[in-house]
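Before any comments, here is the structure.
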Amino acid sequence: MKVTLITTVLAALVSTAAAEPTLVKRANPQGIDVSHYQGAVNFKTAKANGIAFAYIKATEGTTFIDPEFNTNYVAATNAGIIRGGYHFAHPDSSSGATQANYFLAHGGGWSADGITLPGALDIEYNPNGATCYGLSASAMVSWIKDFSNTYHSKTGVYPVIYTTTDWWKTCTGNSAAFGSTNPLWIARYASSIGTLPAGWSYTTFWQYANSGSNPGDQDLFNGSLDGLKRLATAA
Ligand SMILES: *[C@@H]1O[C@H](CO)[C@@H](O)[C@H](O)[C@H]1NC(C)=O
């Protein structure tokens, strides 16, 4: 039922950007995800516009620290936005453990303070080469496990996995190995979320557009504001 509701409301949202229904805001906390491409984001304005949470890019591989991360993380915190960091994976350049530790050392940490979301692993199409970074499906699954287990052993929570169903099918062989541990964040710019990857029966986050009335990509939390706070509280 919730799916139908979200679908219907989102269809309206996508087709008439001006008339944003308040139902979405009440039923499903809205969020954004940003990186240095958005510069220093005005999170106070975003909060006033109804944004409840944000993912902020922290790191990429082991060679890139987002230059706006600190500014944006502090600004989101000061605006009362529930926030977390994300890491853009380069599974071809070093191990999952190495990249998890790099992420943890540069903003990706977690604490049960009610305002910090589990760090997210952004694992998706290689921007500069082979879609699956030259890894076999089994090597890719091992890489993700290494990242995920390392993150879990250091923080007590499993990282959120951000991906698309298409990439996950193509590059992990549609692995069902993470559905019972890692919250899912699916990118799909459409009026419905479509088929989910194997292992997950529901999604936790949905990135439904790459632009909107607030800076960055546009996201929904699949649940209530209390549910969002629980994700920022419970290990
Ligand atoms: C949202 O979560 C509920 C379970 O809490 C699930 O039944 C529903 O399918 C989810 N929606 C999506 C789009 O995954």
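Take T165 and decide whether it is at pLDDT 95 or above, surrounded by 16 or more Cβ atoms within 10 Å (Cβ to Cβ) and in contact with a strand residue (DSSP E or B) (Cβ under 7 Å, 6 or more places away or on another chain).
On the way: at pLDDT 95 or above: yes; surrounded by 16 or more Cβ atoms within 10 Å (Cβ to Cβ): yes; in contact with a strand residue (DSSP E or B) (Cβ under 7 Å, 6 or more places away or on another chain): yes.
Yes: the conditions hold for T165.
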Legend entry - Residues that are closer than 20 Å to L228 by Cβ and in contact with a strand residue (DSSP E or B) (Cβ under 7 Å, 6 or more places away or on another chain), drawn from the range 59-83: N72, Y73, A76, T77, I81, I82, R83
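Test I56 against the stated conditions and say whether it is open to solvent by less than 30 Å² (accessible area, probe 1.4 Å) and either modelled with pLDDT of 95 or more or in contact with a Leu (Cβ under 6 Å, 6 or more places away or on another chain) (or both).
On the way: open to solvent by less than 30 Å² (accessible area, probe 1.4 Å): yes; either modelled with pLDDT of 95 or more or in contact with a Leu (Cβ under 6 Å, 6 or more places away or on another chain) (or both): yes.
Answer is yes for this residue.
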Inset, instruction - Being open to solvent by 20 Å² or more (accessible area, probe 1.4 Å), more than 10 Å from the ligand (Cβ to nearest atom) and part of a loop (DSSP other than H, G, I, E, B) is the filter here, so list the residues in the range 189-223 that pass it. - result: Y189, A190, S191, T195, A198, G199, N210, S211, G212, S213, P215
Inset, instruction - Tell me, please, whether a residue that is away from the ligand (no atom under 16 Å from the Cβ), touching a strand residue (DSSP E or B) at 6+ places or on another chain (Cβ under 8 Å) and either modelled with pLDDT under 95 or not in a strand (DSSP E or B) (or both) can be found in the range 15-29. - result: no
Inset, instruction - Determine whether V41 is closer than 22 Å to P183 by Cβ and in contact (Cβ under 8 Å) with a residue 24 or more places away in the chain. - result: no
Legend entry - The one condition in (1) aromatic (F, W, Y); (2) under 16 Å from V160 (Cβ atoms); (3) touching a Ser or Thr at 6+ places or on another chain (Cβ under 9 Å) that F69 fails to fulfil: (2)
Legend entry - Selection from the range 101-134 of residues that are among the β-branched types (V, I, T), closer than 25 Å to G173 by Cα and surrounded by 13 or more Cβ atoms within 10 Å (Cβ to Cβ): I123
Inset, instruction - Can you run down the residue pairs with Cβ atoms below 7 Å, 6 or more apart or on separate chains, where the first is in the range 213-235 and among the polar types (S, T, N, Q) and the partner is within 15 Å of the ligand (Cβ to nearest atom) and part of a loop (DSSP other than H, G, I, E, B)? - result: N222/N28; N222/Y202; N222/T203; N222/T204
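Could you say whether any residue in the range 141-155 is among the acidic types (D, E), in a helix (DSSP H, G or I) and within 14 Å of the ligand (Cβ to nearest atom)? Before the answer, list the steps.
Pass one, the range 141-155, residues among the acidic types (D, E): 146.
Filter again for in a helix (DSSP H, G or I), leaving 146.
Within this subset, residues satisfying the condition of being within 14 Å of the ligand (Cβ to nearest atom) are none.
No: zero hits.
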Inset, instruction - Take S192 and decide whether it is in contact (Cβ under 8 Å) with a residue 40 or more places away in the chain, over 16 Å from I32 (Cα atoms) and hydroxyl-bearing (S, T, Y). - result: yes
Inset, instruction - Tell me which of these S180 doesn't satisfy, since it passes every other one: (1) open to solvent by 60 Å² or more (accessible area, probe 1.4 Å); (2) out of contact with any Gly (no Cβ under 8 Å at 6 or more places or on another chain); (3) of a type in the set (S, T, Y). - result: (2)
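The values are calculated or read from the model by the stated rules, or taken from the named source; none is laboratory data. Since the model is a prediction, treat every value here as computed from it, not as a measurement. Cβ coordinates were reconstructed from backbone atoms using ideal geometry, including for glycine residues, and neighbour counts include every protein chain displayed. Side chains included, ligands, DNA and RNA excluded: accessible areas come from the protein's heavy atoms. Shrake-Rupley method; radii C 1.70, N 1.55, O 1.52, S 1.80 Å.
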